[in-house]
Each structure stands twice: as C-alpha cells, then as structure tokens.
Amino acid sequence: MSQSPAKSSATPFDQLGGEAPVRALVERFYDAMDGHEPALGLLHPQDDGKVSRASRDRFALFLIGWLGGPQEYMRLHGHPRLRMRHAHVAVSVAMRDAWLRCMRLALADVSINAATRIFLDEKLSEVADFLRNQPE
C-alpha cells in the first residue's frame, strides 16, 4: 500500500499507533459486523455467536502487515492471495457494502485522525471492490 499523504514518512501502521491500535480496530470491525451485519458475520467461524477469535487474530495479522507493520501474516500463512482466499464466498455489491459499513464504523473511533481515516477508507474500498466476484 502506498503512503498516506498525511505523513509521507510514516506508514499507516505507524499513523494508527502500531499493533495494539490496529488490533483494536479489528475488534471494533468484527463487533460492528456481529451487531450490524449478522449475515456477513455468519460467513466466518463463530465462537458463542460472534466472529471467532481465530478469525479476528488472523485478520489482525493481515491488516498489520498490509498497513506497513511487521509481516507476521506472510511468515505464518504465506502471501494473502485475497481473491483466491475469498473465492468460495459470493462477494456481491451488497456484501462489499456491508463489509465497508462495518469497517467505517470501526474507523470512526476518535483516536484515528481524519486524514488517516479518509486514506484508509479509500484504500479499503478499493480492496473490497477488488474482491467482488458477482455481477452487479
């Protein structure tokens, strides 16, 4: 991912404050999914009616690396190959939009500055649209 215009020398990972804030973002994202987009949440393995800890931890590792932090996801799981890993799920415009609504709720946290939020929303929207595999 390219650098945010907010701080060209810092990665988005750095702008968010490192691993703990990215993990908190992931928690807010899946909590939003469980609360607001339950059909989307049910596409993930569940623990007691919520997206599982394993899913949350795996996405956190991916997001940490994608944002410019340590590449632990790649070390443990190899290249993300996002389209391949999501090919078994029919990703429609509606599903993309539901995913983005959850992520936007997670990004709305006051600890994330506006420039970083706007940058991440743009980049994550591109990725979400890239994963669509169903016609409009």
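The values are calculated or read from the model by the stated rules, or taken from the named source; none is laboratory data. Being a predicted model, the structure only gives us computed values, none of them experimental. Virtual Cβ from ideal backbone geometry, glycine too; neighbours counted across all protein chains shown. In case anyone asks, the SASA skips ligands and DNA or RNA and just uses the protein heavy atoms, side chains included. Shrake-Rupley method; radii C 1.70, N 1.55, O 1.52, S 1.80 Å.
Excluding SER111 itself, calculate the net charge of residues whose Cβ lies under 11 Å from the Cβ of SER111, where each Lys or Arg counts +1 and each Asp or Glu counts -1. Walk me through the intermediate numbers first.
Values: positive: ARG28, ARG117; negative: ASP109.
Result for the local shell: +1.
Out of the total accessible area of the chain (probe 1.4 Å, heavy atoms of protein only), what percent is carbon and sulfur?
Here carbon and sulfur together make up 57 percent of the probe-accessible area.
For n ≥ 4 DSSP H runs only, could you compute -39500 (n - 2.57) per run for the chain, divide by its residues and tell me the 222 nm figure to the nearest 500?
So the helix-based figure for the chain works out to -18500 deg cm²/dmol.
Send over a whole-number figure in Å² for the accessible area per residue of the chain, probe 1.4 Å.
On the way: 7540 Å² over 136 residues.
Each residue of the chain exposes 55 Å² on average to a 1.4 Å probe.
For the chain, calculate the relative contact order in percent as a whole number, restricting contacts to Cα pairs under 8 Å that are 6 or more residues apart. Show your work: numbers first, answer last.
Values: 140 pairs, mean separation 41.3, N = 136.
Over the chain, the number comes to 30 percent.
Decide, for the range 68-136, between rounded, prolate and oblate: order the square roots of the alpha carbon gyration tensor eigenvalues as a ≥ b ≥ c, take rounded if a/c falls under 1.5, and otherwise choose prolate if a/b is larger than b/c, else oblate.
Oblate, since a/c reaches 1.5 and b/c is not below a/b.
Quick one: ranking PHE29, PHE130, PHE13 by accessible area, 1.4 Å probe, largest first, what do you get?
The residues order as PHE130, PHE13, PHE29, largest area first.
Can you compute the modelled spin-label distance between ARG101 and PHE130, with each label point 7 Å from Cα toward Cβ, in nm?
About 2.5 nm separates the two model spin labels.
Given the C-alpha centroids of the range 97-136 and the range 26-88, what is the distance between them in whole angstrom?
14 Å
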